[in-house]
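Below is one structure, written out as C-alpha cells, with a few remarks after it.
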Amino acid sequence: MKILITVGIFPPDIGGPASFVPKIANLLVDSGYSVTVICLTEKHQFDNKKYKVVRILRKQNLIIRWIKTIFYILKHGLKSNLIFVNGLPMESHIANVVLRKKLYRKIVGDWAWERGMNRRLINESFDEFQNNKHGLHLEIAKFSRGWTAAKAHLVITPSNHLKNIVNKWGVSNKKIKVIYNGTFIDSSKIINNKLTTDNLKFITVGRLAPWKNINIMLEAFSEYKKQNKRFTFYIVGSGPEEKALKNLTKKLNLEKEVVFTGQLNKEALGEHYQNSNIYIQGSSYEGLPHVILEAISHNLSIISTPIGGTNEVLLGGKNGWIWKLHDSFKPQKSDLINIIEEMTDNIEKDTFLKQNAMKHLCELFNEEENLNSYIEILKK
C-alpha cells in the first residue's frame, strides 16, 4: 500500500505537524507501507530517510507554488492508495478532484482565522471568528476550509474542542475522530527541577505569530526585571513576528535576559527543555499544542492560557497554572507576574501540579499508543 502525506511544515521547521509527520511516516514504513511526503521548505536539501520527501520552496510566487504543489500531488497521488493531509489542504483537495483517491485529513486549527490574524484583518477570538461575518476575502477562506473538510473521507482532530468546531463547519460527527497528540517520555532525561525564588529559566516554543502573544510575555518580563529578579527567557522558533519581537526586546532593555534561539532540532530543543524551569504559552488559540506535552514530559512547570484543546491537558488548573484571557481574548502581563510570584511562593503546590500533569500525560497522551491509533486508521 502506498500513502502520500502532505504537510506545510517539515524538519528543520518546528511545530506540531513537523514533529508528527516524520514519526508517522517512519512507523508506516516499518509496517510495510511505501510513503511519500510532500512539504513546503525554506530551501532544498537532501533527505536521507526511509521514505521519499518532495520539498517545494515556500518563498516563491504564490501562484507558481500552488501549481507546483498541485502538480506533485497529482504525480505522486496517482500511484498512492491514500492521501493523508496534514497541511496544504486546498492544494490536496483540488488535486484529488482529479485523482479521486481516499483522503484522510488531520485538522489542528483554522487556517482562515490564522490568515485573518496574520494579515491584521480581524481582532477577535478563535471561537468568535467561527460565528461572526467578515469581508469577502475571509468568507471565501471560511467556505474553503469547510468545503475541504467536508470532502475528506475522514477527519482527525487532536482535541474534542476542535472536533466540535469542525462539526460546525458542516462535517458530520461520524466522520470525525479524536486522536490526542502524544509525546515520548524518556525517564532518563526527567530532571528534578524544583523551582527557586530567583534566576529562573523560562521557555516558549512555536511559530512567532501574532496570536502567540509573545509581546505580552516580554512586557511582563520587563516589569519582572524591575523587581531586581534574575532570569532567562528562551524564545524558540521563527515566524512573521520575529523582527518586531526582537525590536521590542531591545526597546524594553531585555537583551541580556531574552534569548532568541531560532529553530532548533529535536536534540537541541530537548537540551533547552532540560535547562529550563517553566514553560509559558500565552496563545489566543491552540488546537492541542504538542509543545506543552513535550514540556510536561521534561518535568517543567506549565503556565498557559486556557484555550482550545489546552484545557484537555491542564484540566482547568489541575495540571498547571492558568493564565486567564480577558475581554480582548488576550492575557495580561500583570497576571503573568502574579502567577510567577505565586509559583515561587508555593513550590509545594507547583510540585503537586507537575505530578498531576505527568500522570495525566502517561494516561492520555502516550505517544506510542496514539501513533498506533493512526496506523490502525490508515490501514483501513
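Every read-out reported here was derived from the displayed coordinates using simple, explicitly stated rules and does not represent laboratory data. All of these numbers come straight from a predicted model, not from anything done at the bench. Cβ coordinates were reconstructed from backbone atoms using ideal geometry, including for glycine residues, and neighbour counts include every protein chain displayed.
A full extension of the chain between Asp198 and Lys2 corresponds to an added length of 65.2 nm, given 0.36 nm per residue minus the alpha carbon distance.
Whole-Hz Karplus values for the stretch 148-153 come out as 5, 5, 5, 6, 5, 6 Hz, taken residue by residue from phi with 6.51 cos²θ - 1.76 cosθ + 1.60 and θ = phi - 60°; glycine and proline positions read x. Considering the options Ile165, Met358, Ile83, tell which one lies farthest towards the positive end of the dipole of the chain, charges being +1 on Lys and Arg and -1 on Asp and Glu at the Cβ, about the Cα centre. Most positive-ward Cα: Ile83. Dividing the summed -39500 (n - 2.57) terms of all DSSP H runs of n ≥ 4 by the residue count of the chain sets its mean residue ellipticity at 222 nm at -13500 deg cm²/dmol.
Here's the picture: charge each Lys and Arg Cβ at +1 and each Asp and Glu Cβ at -1 in the stretch 216-303, and of Gly262, Ile235, Ala220 the one pushed furthest to the positive end of that dipole is Ala220.
Sequence-ordered 3J(HN,Hα) estimates for the stretch 33-38 from the Karplus curve with 6.51, -1.76 and 1.60 and θ = phi - 60° stand at 9, 9, 10, 10, 10, 10 Hz, glycine and proline given as x. May I ask for the angle, rounded to the nearest 10°, between helix 16-30 and the longest principal axis of the chain, with both axes built from Cα atoms and the value confined to 0 to 90°? Rounded to the nearest ten degrees, it is 50. Model label sites at Glu42 and Asn164, defined 7 Å from Cα along the beta-carbon direction, differ in position by 3.8 nm. Within the shell defined by Cβ-Cβ distances under 15 Å, the residues around Met117 carry a net charge of +1, with Lys and Arg each +1 and Asp and Glu each -1. Relative to the dominant Cα principal axis of the chain, helix 333-345 is inclined by about 60°. Its relative contact order, with pairs defined as Cα atoms under 8 Å and 6+ residues apart, puts the stretch 26-103 at 23 percent. Between Phe71, Tyr279, Phe329, the Cα set farthest toward the positive side of the dipole of the chain (charges on each charged residue's Cβ, about the Cα centre) is that of Phe71. The charge dipole of the stretch 269-380, taken about its Cα centre with unit charges on the Cβ of Lys, Arg, Asp and Glu (plus for the first two, minus for the last two), comes to roughly 220 debye. The residues packed around Ser283, meaning those with a beta-carbon under 12 Å from its beta-carbon, carry a net charge of +1 if Lys and Arg are +1 and Asp and Glu are -1.
Net charge dipole, the stretch 90-134: roughly 380 debye, given to the nearest 20, about the Cα centre with Cβ charges of +1 for Lys and Arg and -1 for Asp and Glu. Measure nothing but the geometry: give the 0 to 90° angle between the long axis through the Cα atoms of 62-77 and the longest principal axis through the Cα atoms of the chain, rounded to 10°. Around 60 degrees separate the two axes. Across the chain, Cα pairs under 8 Å and at least six residues apart give a relative contact order of 15 percent. Evaluated with a Cβ-only charge set (Lys, Arg +1; Asp, Glu -1), the stretch 187-364 carries a dipole of roughly 360 debye about its Cα centre, given to the nearest 20. Of the peptides 120-128, 23-31, the order by per-residue mean of other Cβ atoms within 10 Å, starting with the highest, comes out as 23-31, 120-128. Take the Cα of Arg65, step 7 Å toward its Cβ, do the same at Asn228, and the gap between the two points is 5.0 nm. Straightening the chain between Lys266 and Leu74 buys 65.9 nm, computed as 0.36 nm per residue apart minus the Cα-Cα spacing.
Here r is the Cβ-Cβ distance between Asn123 and Val29 and R0 is 51 Å; the resulting FRET efficiency, rounded to 0.05, is 0.70. Computed extension length for Phe143-Ile347: 68.6 nm, one decimal, from 0.36 nm per residue of separation with the Cα-Cα distance subtracted.
How much net charge surrounds Arg230 when only other residues with a Cβ under 12 Å from its Cβ are counted (Lys, Arg +1; Asp, Glu -1)? The answer is +2.
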